[in-house]
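The block underneath contains the structure these notes are about, expressed in structure tokens.
The values are calculated or read from the model by the stated rules, or taken from the named source; none is laboratory data. All figures in this text were calculated on a predicted structure; none of them were measured in a lab. Note that each Cβ is placed from the backbone with ideal geometry, even for glycine, and that neighbours are counted across all protein chains shown. Only protein heavy atoms, including side chains, enter the accessible area calculation; ligands, DNA and RNA are left aside. Shrake-Rupley method; radii C 1.70, N 1.55, O 1.52, S 1.80 Å.
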Amino acid sequence: MKIVLLPGDGIGPEVTAEARKVLERVGSLFGHAFEFDTQPIGGNAIDDFGDPLPPQTLEACRSADAVLLGAVGGPKWDDPNAKTRPEAGLLRIRKELGLFANLRPIQTFDFLVDSSPLRREIVAGTDIMFVRELTGGIYFGESGLKQEGDQEIAWSTMTYSTYEIERVVRIAAEAARGRRKKLTMVDKANVLEASRLWRRVSARVMKEEFPDIAYDVVLVDAMAMHLISRPTAFDVVVTENLFGDILTDEGSMLPGSMGMLPSASIGSDGPGLFEPIHGSAPDIAGKGIANPLATILAAAMMLRYSLKLEAEAKAIETAVDKVLAAGHRTGDIARSGETPLGTTAMGQLVVEALSKE
Ligand code: NAD
């Protein structure tokens, strides 16, 4: 199995190195031959090739089984007048690989619950899988700007087709099947025509193909409230691009630290792209103190969704749980009195905690 590693910028290379060590150990434990191919992306690729997504990187990704990304960006490439920016590489790779579904698990860890902005009794036990449509809707619909008299008028259009809705609802329903068998679809069907199409198409797909999954719908304004008043009520949540963008950021605050949260972007066929949700953290880059767990958990998602290795994915998640349960912390999640570990020490503990059971 060929895995392309895109370490990127800032702490990206530090955290992907730890994920690679974990994957190598999984390979030897379970008898898989993972072949790694490291390629440039982001700011360093602009420096070396004048392009945040050089052609050889894209080619390598296209022929891979899965892609694991660190993070891109940093102050060095922030000049607003620059010809190109690191983030352009990220947007392009998602588009080129046809990654239309973004999966973001929002899970609370008991030891972190008191760092959540919400009270423990509300947030403890939260375990939501958000599935956000990633390549359609208002971010990609027709938009424009015109002048009428002394007024400027701008418009952006939310556009969806039956096919775009069906394929992402199927991914969400499949995910629910492997979890607590409950799917919530979020829309604004009382106002938006595009949402009314989502509602019809989702209901049909669920009735015809997933009768075993409990299915309900919630309006997006209500969902924004439910997410902070009763987050434990949800299992899998599927929604369109703009609503998903906002709700997943709201959701990422619940666990109390971003350094633990992975994300996956997948398409119909071809490799998926797996990454931590945090950025390149230039403030701590090169210090060896970044938390590698989000990237290690992204590697677990990669095994589950792209390589279909469920037992191996679980083994990584269990190893991370064990290390945390034993009280090991990096600086971002350590509380006063706890001695923080560095990036490689944390990675090594996960490697050592891995087992086949
Ligand atoms: P950030 O996520 O990089 O950092 C926010 C804060 O969280 C910082 O204080 C950082 O030190 C801390 N942090 C983040 N990840 C951590 C980890 N694994 N361990 C410990 N602490 C961690 O967000 P930012 O500062 O807004 O952005 C920095 C750069 O990253 C920018 O150039 C931005 O464009 C880019 N960015 C990239 C991605 C991506 O590659 N997907 C996502 C977000 C931001």
- Cα-based convex hull, the chain, per residue volume (Å³, whole number): 159
- Put a dot 7 Å past each Cα toward the Cβ at Lys308 and Arg180; how far apart are the dots in nm? 2.9
- Query: Would you list Met158, Met225 from the most to the least accessible area, probe 1.4 Å?
  - Reply: Met225, Met158
- Subtracting the Cα-Cα distance of Ala326 and Ile246 from 0.36 nm times their residue separation yields 25.4 nm
- On the formula 1/(1 + (r/R0)^6), with r taken between the Cβ atoms of Val191 and Ser268 and R0 of 45 Å, the FRET efficiency rounded to 0.05 is 0.90
- Per-residue accessible area for Ser257 at 1.4 Å probe radius, Å² rounded to 10? 10
- When the charge dipole of the chain is computed with +1 on Lys and Arg Cβ and -1 on Asp and Glu Cβ about the Cα centre, the Cα farthest towards its positive end, among Ile296, Val238, Ala173, belongs to Ala173
- Relative intensity, log₁₀ I(q)/I(0), of region 144-207 from a Debye sum that treats every alpha carbon as a point, q = 0.12, 0.13, 0.20, 0.29 Å⁻¹: -0.43, -0.48, -0.80, -1.21
- Query: What whole-number value in Å² describes the accessible area per residue of the chain for a 1.4 Å probe?
  - Reply: 43
- Please give, to one decimal in nm, the separation of the simple spin-label points placed at Glu152 and Ala224, each 7 Å out from Cα toward the Cβ. 2.4
- Query: Restricting to region 127-253, what percent of DSSP beta bridges are antiparallel, rounded to 5?
  - Reply: 30
- Message: Given a 1.4 Å probe and heavy atoms of the protein chains only, how would you sort Trp155, Trp198, largest accessible area at the top?
- Response: Trp155, Trp198
- Message: To check you understand DSSP bridge types, tell me what percent of the beta bridges within the chain (both residues inside) are antiparallel, rounded to 5.
- Response: 45
- Please work out the Cα center distance from region 141-200 to region 54-111, rounded to the nearest Å. 23
- Residue separation between Arg204 and Glu87 times 0.36 nm, minus their alpha-carbon distance, gives in nm 38.4 nm
- Mean residue ellipticity (222 nm) of the chain, computed from DSSP H runs ≥ 4 via -39,500 (n - 2.57), nearest 500: -12500 deg cm²/dmol
- Task: Give the residues of region 235-253 whose amide nitrogen is closer than 16 Å to a point set 7 Å from the Cα of Asp216 in the direction of its Cβ.
- Result: 235-238
- Unit-weight point scatterers at every alpha-carbon of region 146-260, Debye formula, q = 0.12, 0.23 1/Å: log10 I(q)/I(0) is -0.49, -1.36
- Query: Counting only protein heavy atoms and using a 1.4 Å probe, what share of the accessible area of the chain belongs to carbon plus sulfur, as a whole percent?
  - Reply: 53
- Mean Cβ neighbour count within 10 Å, used as a protection proxy, ranking 162-175, 199-212 highest first: 162-175, 199-212
- Of Asn291, Asn81, Asn44, the most mobile residue in a GNM of the chain (C-alpha springs, cutoff 10 Å) is Asn81
- Message: Charges on Cβ only, +1 for Lys and Arg, -1 for Asp and Glu, centred on the Cα centroid of the chain; of Gln39, His278, Leu192, which one is farthest towards the dipole's positive end?
- Response: Leu192
